[in-house]
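Asker: Sharing a structure, written as structure tokens. Questions coming.
The values are calculated or read from the model by the stated rules, or taken from the named source; none is laboratory data. None of these values were measured; they are calculated from a predicted model. So basically every Cβ, Gly included, is an ideal-geometry build from the backbone, and we count neighbours across all protein chains shown. The protein model used for the area step is the full one, side chains on, heavy atoms only, and it has no ligands, DNA or RNA in it. Shrake-Rupley method; radii C 1.70, N 1.55, O 1.52, S 1.80 Å.
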Amino acid sequence: MNDFCNKYPSDNMLLYNADQYCRKIASINYGKNAKYFIETLGCQMNEADSEQLAGMLTDMGYSQAEDISSADIIVINTCCVRENAEFKLYGHLGELKILKQRNKELLIVLCGCMMQQSHVVDKIKNSYKYVDILFGTHNRQEFPELLFDSISEKKKIYEIWEESRGIAENVPVKRSSTITAYVPVTHGCNNFCSYCIVPYVRGREHSRHPEMIKKEIIQLASEGIKEITLLGQNVNSYYCGMDFPGLLHYISDIEGIERIRFLSCHPKDLSDDLIKAMVEIPKMCSHIHLPLQSGSNKVLQQMNRKYTKEQYLMLIDKIRASIKDIAISTDIIVGFPGETEEDFNETLEVYEKAGFDFAFTFIYSKRTGTAAAKRPDQIPEDIKDTRFARLVALVNDMTLASNIRDENKVLQVLTGGKSRTDRSVMTGRTSSNKIVNFKCDNDFTGHLVDVKIKKGHTWYLEGEKV
Ligand code: SAH
Ligand code: SF4
Ligand code: F3S
């Protein structure tokens, strides 16, 4: 359990104090129409961090650029959960070099999870000298100060904290949506799943104070936000004077917030109290994301997941028995070191038995520094690819079946706006987190509307407003 928050409440909070640097940079930027561009390469937590970076940039007098080439400052918020996420950064760096050659005044900033790895920092310092500022996940609230130092002293700044010194509160945030919002409740992870880099780059798990969380949600509600998603790498291990179900009750009565979601749950920490809270609180969405990772007990143990396939399936039964019409999604990794054909077949079998509505599927990616990366029995790429294709085929079939089961139901949809491809179509999400497109002449953006589902497709539901 995370008792850090409880024992040392004052150490757990870092109050944002970069206002003076924001003002100084804003005065430098005054009248210049300075623009920022942020590229976010990672997960929802990374997106939430980027919204803070956007908030700080706004306070520093920048406005959002339409495209990367018109920006005065470019921030790449990186991810290293899989190798292809890292490739994305190196892809961008080529483009950034050209932009920097064209505009010597352009500022290039790299931050996020990749920067917490010393070999990456060394590589950037040595081979990508046109990068101006580099910081990590733990010190992003220092951004205005680092930027001010870089501008005023005309020097490169590389500043990484190896560990978290607490959660930064009161950081300005510029949200990317006016309807839904992410609210981080825990930072970091203590689980050390043997394949995963996240605990190394995000540090130990810390929980935010419930009052800070509530204050943020009240603010969001006053700005018109209808749906919040509570975020954490292992959100259900939240603990700060109250546990996660307690937190859900604590924030459940905020007027204006119509829907509450959360991401991601670890099966080992999913308590009966959480299931009960989901039943008792009407605002809770009927969706749970519960990463399975593998259906083989041998692989699960080697992944350090701390549950068996039998325990996982029992948990699914319990959830479905308690929460009517709940949609359950998952994450699956194929090609973990030592995974045999039988292990993989068990994953397919458990996937079918669990009756998942949706899944994110990943090919195992070796991450330097993790326990699994040291194993000699890595799976050849061609075998991983073949297994991945078989898994994706099953996932798609079952997603379609789940969507077909929704046909003729009337579901409540929170509309995000008009479809980009067809302006007579509105798009939104059900409580079960499925995308719904429906024809509509009026603009219901930001409203909860009842939609009768006419057809279930693999990637979305098609409906009609009732
Ligand atoms: N903390 C969350 C999310 C972690 S990252 C959770 O535990 O659910 C999201 C997903 O990426 C993980 O669930 C896992 O399926 C996948 N993942 C993590 N490390 C990986 C790796 N080295 N290779 C492939 N997939 C990985
Ligand atoms: Fe990674 Fe496991 Fe932590 Fe999720 S729970 S972030 S997969 S170590
Ligand atoms: Fe990537 Fe960091 Fe999220 S590694 S998945 S951005 S926590």
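Asker: Near K283, which lysines are there with a Cα under 23 Å away, not counting those fewer than 8 places off in the same chain?
Answerer: K214, K215, K226, K318, K324, K409, K434, K452, K465
Asker: Distance in nm between label sites at V425 and E159, each 7 Å beyond Cα in the beta-carbon direction?
Answerer: For the pair V425/E159, the computed spacing is 4.8 nm.
Asker: Within segment 256-294, which residues have the backbone N less than 20 Å from the label spot 7 Å out from K215 along Cα→beta-carbon, could you tell me?
Answerer: Output list for this probe position: 257.
Asker: Could you pull the Rg and Dmax for the chain, using just the Cα atoms, both in Å?
Answerer: 22.8, 65
Asker: Going toward the positive end of the dipole of the chain, with +1 on Lys and Arg Cβ and -1 on Asp and Glu Cβ, which of F356, H249, I217 do you reach last?
Answerer: I217
Asker: With each pseudo-label sitting 7 Å past Cα toward Cβ, what's the R102-Y250 distance in nm, one decimal?
Answerer: Once both label points are built, they end up 4.9 nm from each other.
Asker: Net charge around V279, counting only other residues with Cβ within less than 15 Å of its Cβ (Lys, Arg = +1; Asp, Glu = -1)?
Answerer: Numbers: positive: K276, K283, K318, R320, K324; negative: D272, D273, E280, D325.
Net charge in that neighbourhood comes out at +1.
Asker: Only four residue types carry charge here, +1 at the Cβ of Lys and Arg and -1 at the Cβ of Asp and Glu. Report the dipole size of the chain about the Cα centre in Debye, rounded to the nearest 20. Could you put the intermediate results ahead of the total?
Answerer: Values: 59 positive and 63 negative charges, 141 e Å.
In total the dipole reaches around 680 debye.
Asker: With a 10 Å radius around each residue's Cβ, average the other Cβ atoms per peptide and rank 80-89, 157-166, highest first. Don't jump to the answer; show the numbers that get you there.
Answerer: Details: 80-89: 17.8, 157-166: 15.4.
Most protected by this proxy first, the peptides run 80-89, 157-166.
Asker: Nearest 10 degrees is fine. How inclined is helix 118-127 to the longest principal axis of the chain, computing both from alpha carbons?
Answerer: Between helix and principal axis, roughly 50 degrees.
Asker: Could you give the length gained on full extension between F87 and E280, defined as 0.36 nm per residue of separation minus the Cα-Cα distance, in nm?
Answerer: Details: separation 193, 0.36 × 193 = 69.48 nm, distance 4.44 nm.
Answer, rounded to one decimal: 65.0 nm.
Asker: Pairing the Cα long axis of helix 381-405 with the longest principal axis of the chain, what angle in degrees results, from 0 to 90 and rounded to the nearest 10?
Answerer: Tilt of helix 381-405: around 60 degrees.
Asker: Segment 249-272 to segment 275-308: how many Å between their Cα centroids?
Answerer: 14
Asker: Rounded, prolate or oblate: which fits segment 45-116 when a ≥ b ≥ c are the square roots of the eigenvalues of the alpha-carbon gyration tensor, with rounded for a/c under 1.5 and prolate only if a/b beats b/c? Could you put the intermediate results ahead of the total?
Answerer: Values: a/c = 2.32, a/b = 1.14, b/c = 2.03.
Because a/c hits 1.5 or more and a/b fails to exceed b/c, segment 45-116 counts as oblate.
Asker: How do 209-222, 259-272 rank on mean C-beta neighbours within 10 Å, highest first? Before the final figure, lay out the partial values.
Answerer: Working: 209-222: 16.6, 259-272: 18.7.
Listed from highest to lowest mean packing, they are 259-272, 209-222.
Asker: How much accessible area per residue does the chain have, counting only protein heavy atoms and a probe of 1.4 Å, in square angstrom?
Answerer: Numbers: 20890 Å² over 466 residues.
Here the per-residue accessible area is 45 Å².
Asker: While we're looking at this one, here's another question. Per the helix-only calculation at 222 nm, which mean residue ellipticity applies to the chain, given -39500 (n - 2.57) for every DSSP H run of n ≥ 4 and division by its residues, nearest 500 deg cm²/dmol? Could the numbers behind the result be given before it?
Answerer: On the way: 14 runs with 166 residues, N = 466.
Calculated at 222 nm, the ellipticity per residue is -11000 deg cm²/dmol.
Asker: So for the chain, taking the charge dipole from beta-carbon charges (+1 Lys/Arg, -1 Asp/Glu), which of T445, A327, L411 sits furthest toward the positive end?
Answerer: Towards the positive end, the residue furthest out is T445.
Asker: Might you report the magnitude of the Cβ-based charge dipole of segment 410-465 about its Cα centre, with Lys and Arg at +1 and Asp and Glu at -1, to the nearest 20 debye?
Answerer: On the way: 10 positive and 6 negative charges, 29 e Å.
It works out to roughly 140 debye.
Asker: Taking the inverse of the average 1/r across all pairs of different Cα atoms in segment 289-405, what Kirkwood radius in Å do you get?
Answerer: On the way: mean 1/r = 0.0680 Å⁻¹.
One decimal place: 14.7 Å for the Kirkwood radius.
Asker: Under a straight-distance cross-link criterion of Cα-Cα below 27 Å, which lysines are reachable from K154, leaving out those fewer than 8 residues away in the same chain?
Answerer: K24, K32, K35, K97, K100, K104, K123, K125, K129
Asker: Here's another thing I want to ask about it. For segment 203-215, take each phi angle, set θ = phi - 60°, evaluate the Karplus expression 6.51 cos²θ - 1.76 cosθ + 1.60, and give the result in whole Hz per residue in order, putting x for glycine and proline.
Answerer: My calculation for segment 203-215 gives x, 6, 6, 10, 9, 6, 5, x, 5, 5, 5, 5, 4 Hz in order.
Asker: Same structure, new question: What net charge do the residues around K35 carry, taking every other residue with its C-beta under 13 Å from that of K35, with Lys and Arg at +1 and Asp and Glu at -1? The partial results should precede the final answer.
Answerer: Details: positive: K32; negative: E66, D67, D72, E105.
Overall, the nearby charge balance is -3.
Asker: Take the Cβ-Cβ distance between T340 and E223 as r, set R0 to 51 Å, and report the resulting FRET efficiency rounded to the nearest 0.05. Walk me through the numbers before you get to the answer.
Answerer: On the way: r = 52 Å, r/R0 = 1.02.
Calculated value: 0.45.
Asker: For the chain, what is the percent of antiparallel DSSP beta bridges, rounded to the nearest 5?
Answerer: Values: 23 of 69 bridges.
Of those bridges, close to 35 percent are antiparallel.
Asker: Using a basic spin-label model with each label point 7 Å from the Cα along Cα→Cβ, how many nm lie between D450 and S152?
Answerer: 6.1
Asker: Within 15 Å, Cβ to Cβ, of T368, how many net charges do the neighbouring residues add up to if Lys/Arg are +1 and Asp/Glu are -1? Intermediate values should be presented prior to the final figure.
Answerer: Values: positive: R82, K123, K366, R367, K374, R375; negative: E83, E86, D122.
Here the charged neighbours net out to +3.
Asker: Can you classify segment 135-191 as rounded, prolate or oblate using the Cα gyration tensor, where a ≥ b ≥ c are the square roots of its eigenvalues, rounded means a/c under 1.5, and otherwise it's prolate if a/b beats b/c and oblate if not? Display every interim value, and only then the final one.
Answerer: Details: a/c = 2.95, a/b = 1.38, b/c = 2.13.
Here segment 135-191 falls in the oblate category.
Asker: Also: Angle, helix 19-29 long axis vs. longest principal axis of the chain, Cα atoms, 0 to 90°, nearest 10?
Answerer: With rounding to tens, the tilt is 70 degrees.
Asker: Compare the peptides 294-301, 332-339 by average per-residue count of other Cβ atoms within 10 angstrom and give them in order, highest first. List each step's numbers first, then the result.
Answerer: Details: 294-301: 20.8, 332-339: 22.9.
Listed from highest to lowest mean packing, they are 332-339, 294-301.
Asker: With r as the distance between the Cβ atoms of T386 and K353 and R0 = 30 Å, compute the FRET efficiency 1/(1 + (r/R0)^6) and round to 0.05. Display every interim value, and only then the final one.
Answerer: On the way: r = 22 Å, r/R0 = 0.75.
Step by step, r from the Cβ atoms, then E = 0.85.
Asker: If I stretch the segment between E407 and R175 completely, what's the gain in nm (0.36 nm per residue apart, minus their alpha carbon distance), one decimal? Kindly include the intermediate steps, with their values, before the conclusion.
Answerer: On the way: separation 232, 0.36 × 232 = 83.52 nm, distance 3.38 nm.
That pair, E407 and R175, stretches by 80.1 nm at full extension.
Asker: To the nearest 20 debye, what is the magnitude of the charge dipole of segment 289-405 about its Cα centre, counting +1 on the Cβ of each Lys and Arg and -1 on the Cβ of each Asp and Glu?
Answerer: Working: 16 positive and 17 negative charges, 104 e Å.
Charge dipole of segment 289-405: 500 debye, to the nearest 20.
Asker: Now for a separate question. Taking the square root of 5 times each eigenvalue of the Cα gyration tensor, what semi-axes in Å does the equivalent ellipsoid of segment 17-159 have, largest first? Can you show the working numbers first?
Answerer: Details: eigenvalues 97, 55, 44 Å².
For segment 17-159, the semi-axes come out at 22, 17, 15 Å.
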